[in-house]
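**Student:** Here it is, the structure in full.
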Amino acid sequence: GAVVSQHPSWVICKSGTSVKIECRSLDFQATTMFWYRQFPKQSLMLMATSNEGSKATYEQGVEKDKFLINHASLTLSTLTVTSAHPEDSSFYICSASGRAVPYSNQPQHFGDGTRLSIL
Amino acid sequence: TQLLEQSPQFLSIQEGENLTVYCNSSSVFSSLQWYRQEPGEGPVLLVTVVTGGEVKKLKRLTFQFGDARKDSSLHITAAQPGDTGLYLCAGASRGSGNTGKLIFGQGTTLQVKP
């Protein structure tokens, strides 16, 4: 089955630090990757949609200068939380979907998430 | 704005009981997916339903897509402690601009006590 690897799984750092999270599709080409944020016992909140080779599309209320997304290849997307503060602490999850059409029927394959704790 | 209302949000039952989780919307979805997530991990896809009225079974789990493709249900028969987790429904629509963007329900936290 499709595998998505997310790294790191846990980050603890000081306020003001920038943190980069990687999302890789290991056995398929991911034309689209999604970045989510999740609070305890709550559902996933979509932050942005990332297409390979183009700028990410951010959801309303998500600061694009705060959460930098790069999708330079069909197997890698990165999310950088710039100048992180305690309120950015959360569980961040990426997902990837492949090339087959129709896109709307493509399942998303999720990484295992990154728990970010800002002190 | 498309919404997917998932209920109940919390459910605590005894081992052996049956349960049903519902996802409802006023919008039509081209497909609907169900995921299960355990703490500290990403969601794992259980099933995708595409056709209105479709029923899929996965061992003790039965998934149904409404005839109008606006709602779906997940029924678990004889729940076991291993079924404990967060269950998420997510719908995809053609209005997402062919990006495959999903609309997630609020999630159902299920606890099955031995």
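**Student:** Run the simple label-point estimate for residue B:12 and residue A:83 please: 7 Å along Cα→C-beta, distance reported in nm.
**Tutor:** 4.4
**Student:** Past the 22 angstrom mark, what percentage of all C-alpha to C-alpha distances in chain B do you count?
**Tutor:** Result: 28 percent of Cα pairs exceed 22 Å.
**Student:** How large is ³J(HN,Hα) for each residue in the stretch A:24-35, as worked out from phi by the Karplus curve 6.51 cos²θ - 1.76 cosθ + 1.60 (θ = phi - 60°), to whole Hz, x for Gly and Pro?
**Tutor:** Listing the rounded values in order: 10, 8, 8, 9, 7, 8, 9, 6, 10, 10, 10, 10 Hz.
**Student:** Pairs A:14/A:64; A:41/B:113; A:20/B:113: which are spaced more than 27 Å apart, C-alpha to C-alpha?
**Tutor:** A:20/B:113
**Student:** Can you list residues whose amide H is under 5 Å from residue A:42's amide H, if they're 5+ apart or on another chain and H is modeled 1.01 Å from N?
**Tutor:** Counting only residues 5 or more places away or on other chains, the set is empty.
**Student:** Follow-up. What Kirkwood radius, in Å to one decimal, follows from the Cα pairs of the stretch A:1-48?
**Tutor:** Final number for the Kirkwood radius of the stretch A:1-48 is 13.0 Å.
**Student:** What is the set of long-range amide H partners of residue B:27 at a cut-off below 5 Å, with H atoms built 1.01 Å from backbone N?
**Tutor:** Under 5 Å from the amide H of residue B:27 lie the amide H atoms of B:3, each far enough along the sequence or on another chain.
**Student:** Now for a different question. Please list, in chain and number order, the residues 5+ apart from residue B:46 or on another chain whose amide H is under 5 Å from its amide H, with Hs placed from the backbone.
**Tutor:** B:34, B:35, B:36
**Student:** Please turn the phi angles of the stretch A:80-97 into ³J(HN,Hα) values with the Karplus equation 6.51 cos²θ - 1.76 cosθ + 1.60 (θ = phi - 60°), one per residue in order, whole Hz, x for glycine and proline.
**Tutor:** 10, 8, 8, 6, 5, 10, x, 5, 7, 4, 5, 9, 10, 10, 10, 9, 9, 10
**Student:** For the stretch B:78-86, in order, what is each residue's ³J(HN,Hα) by Karplus, 6.51 cos²θ - 1.76 cosθ + 1.60 with θ = phi - 60°, in whole Hz (x at glycine and Pro)?
**Tutor:** Whole-Hz 3J(HN,Hα) from phi for the stretch B:78-86: 6, 4, 10, x, x, 7, 4, x, 9.
No value in this document is a laboratory result; all are computed from the given coordinates. Remember, it's a predicted structure, so these values are computed and weren't measured experimentally. For neighbour counting, all protein chains shown are included, and Cβ atoms are generated from backbone atoms with ideal geometry for every residue, glycine included.
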